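The values are calculated or read from the model by the stated rules, or taken from the named source; none is laboratory data. This one's a predicted model, so the numbers in the text were calculated from it and none came from an experiment. Because the Cβ atoms are built from the backbone with ideal geometry, glycine has one as well, and the counts that use them run over all protein chains shown. Side chains included, ligands, DNA and RNA excluded: accessible areas come from the protein's heavy atoms. Shrake-Rupley method; radii C 1.70, N 1.55, O 1.52, S 1.80 Å.
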Amino acid sequence: QVQLVESGGGLVQAGGSLRLSCAVSGSIFSIIHMGWYRQAPGKQRERVARIFSLGQTNYDDSVKGRFTISRNNAKNTVYLQMNSLKPEDTAVYYCAATISGGRDYWGQGTQVTVSS
């Protein structure tokens with residue numbers, strides 16, 4: 001079992017920044033990669049960024065150069081630094097962990113709203 005708790009969402013003006021945090025607990029040793037996803041109203045959930053066990057990262061094209069995923073192993077926390085935010089970044093952001101065997105765990109989500 002893995003538990004994920006997101007924080008850091010809020011309301012920000014276009015061009016601003018936010019940092020999301022995802023506190024991880026439980027069977028951390030079984031996690032093979034973690035990611036941030038988002039879901040806007042009326043749209044499907046989409047992957048934003050992912051970080052693997054050896055530190056490799058990948059990003060959706062829509063956020064490349066603006067968002068950065070990172071982790072602090074000592075704090076068991078994964079971050080998503082979001083810069084140059086746009087109104088189209090408005091969504092509920094979810095943290096997810098995939099463990100060996102392929103099972104996914106999800107956090108409860110945190111709302112990010114970017115005003116124009």
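A compact table of results
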quantity: The range 78-94, residues that are of a type in the set (A, V, I, L, M) and in a loop (DSSP other than H, G, I, E, B); calculated: L85
quantity: The range 69-116, residues that are under 25 Å from A14 (Cβ atoms) and of a type in the set (D, E); calculated: E88, D89
quantity: Condition check for R47: of a type outside the set (S, T, N, Q), touching a Gly at 6+ places or on another chain (Cβ under 7 Å) and over 17 Å from S115 (Cα atoms); calculated: yes
quantity: Qualifying residues in the range 70-92 (those that are open to solvent by less than 20 Å² (accessible area, probe 1.4 Å) and touching a Phe, Trp or Tyr at 6+ places or on another chain (Cβ under 6 Å)) - the one nearest to Q3 (Cα to Cα); calculated: L80
quantity: Filter result (assigned to a strand (DSSP E or B) and over 19 Å from I99 (Cα atoms)) within the range 65-77; calculated: F67, T68
quantity: Number of positions in the range 21-46 that are modelled with pLDDT under 95 and closer than 16 Å to G9 by Cβ; calculated: 1
quantity: Residue within the range 95-114 that is surrounded by 14 or more Cβ atoms within 10 Å (Cβ to Cβ), among the β-branched types (V, I, T), free of Cβ contacts under 8 Å to residues at least 60 places away in the same chain and assigned to a strand (DSSP E or B) present; calculated: no
